[in-house]
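Contents: one structure, followed by commentary.
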Amino acid sequence: MFDIRSMNRINALTLREKWILAFVGVAILSRLIVHIPNVTAVTATALFAGRFFQRKSLAFAVPIVVMAVTDLFLGFYTISLFVYAALLGTVAIGQIAKRISIWSVLASSVLFFVLTNFGVWILGYPKTWEGFVACYTAAIPFFRASLIGDFGYAVLLALSFRGVERTVLAKA
């Protein structure tokens, strides 16, 4: 429920932050609509937030809050902790990167793949070298789909926001 404190927090955001928040909100909805498995804007949104939010607190908080809210509808999983850690790492990549590029998207995708599948291995596979290899091998098709979503959404988010910066925010 919105109260006066909530409204004050929203009003404390800059126009730029409100636009970034809108982009993050719309992009993360890709989790809630029918989609090809793993072709969502989750990783790209965390990278986008890390790159474009100037306040670190917002950069790290927004993707986690949005993910948690969508998880309320989709369900939390045993590897959720690993997913959230991967998102925080992706935000950090976005903050370090000078721009969203092939390398920053690829680094984000690989980080997400490695961390989340480590969680899958720890929680669901034998703790042997064979179990480790089997886990990551089984995940390769999902990684291909994630790469498609990560690159597609990263380009869409970055280019669209650059357009807003050149038009709407430049006039403000």
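The values are calculated or read from the model by the stated rules, or taken from the named source; none is laboratory data. This one's a predicted model, so the numbers in the text were calculated from it and none came from an experiment. Note: ideal-geometry Cβ built from the backbone for every residue, glycine included; neighbour counts use all protein chains shown.
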Query raised in the report: So which residues in region 41-58 are in a helix (DSSP H, G or I) and of a type outside the set (G, A, S), if there are any at all?
Result: V42, T43, T45, L47, F48, R51, F52, K56, L58
Query raised in the report: Is there any pair linking a residue in region 151-172 that is in contact (Cβ under 8 Å) with a residue 40 or more places away in the chain to one that is surrounded by fewer than 14 Cβ atoms within 10 Å (Cβ to Cβ) and among the β-branched types (V, I, T), with Cβ under 9 Å and at least six apart or on different chains, and which?
Result: F151/I102
Report task. Could you tell me which numbered condition T90 fails, if it satisfies all but one of (1) modelled with pLDDT under 95; (2) closer than 24 Å to L58 by Cα? Result -> (1)
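Every residue, every condition in (1) touching a residue at least 24 places away in the same chain (Cβ under 8 Å); (2) over 24 Å from L169 (Cβ atoms); (3) out of contact with any helix residue (DSSP H, G or I) (no Cβ under 9 Å at 6 or more places or on another chain), yes or no:
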| site | (1), (2), (3) |
| --- | --- |
| L15 | yes, no, no |
| F23 | yes, no, no |
| F53 | yes, no, no |
| Y77 | no, yes, no |
| L81 | yes, yes, no |
| L87 | yes, yes, no |
| L115 | yes, yes, no |
Query - Lone qualifier among P37, P63 - being touching a Ser or Thr at 6+ places or on another chain (Cβ under 7 Å) and touching a residue at least 24 places away in the same chain (Cβ under 8 Å) - result: P63
Report task. For region 124-135, state whether one or more residues are without any contact (Cβ under 8 Å) to a residue 12 or more places away in the chain, within 25 Å of A49 (Cβ to Cβ), in a helix (DSSP H, G or I) and not aromatic (F, W, Y). Result -> no
Report task. Being part of a helix (DSSP H, G or I) and either among the aromatic types (F, W, Y) or modelled with pLDDT of 95 or more (or both) narrows it down to one of T70, T116, so name that one. Result -> T116
Query raised in the report: Out of the residues in region 47-76 that are farther than 19 Å from Y153 by Cβ and of a type in the set (G, A, S), which is surrounded by the most Cβ atoms within 10 Å (Cβ to Cβ)?
Result: A61
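Table: residues versus (1) within 25 Å of R162 (Cα to Cα); (2) outside any helix (DSSP H, G or I).
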position	(1), (2)
K18	yes, no
I28	yes, no
I36	no, yes
V39	yes, yes
Query raised in the report: Is it fair to say V24 is under 11 Å from the mean Cα position of the chain (by Cα) and of a type outside the set (S, T, N, Q)?
Result: yes
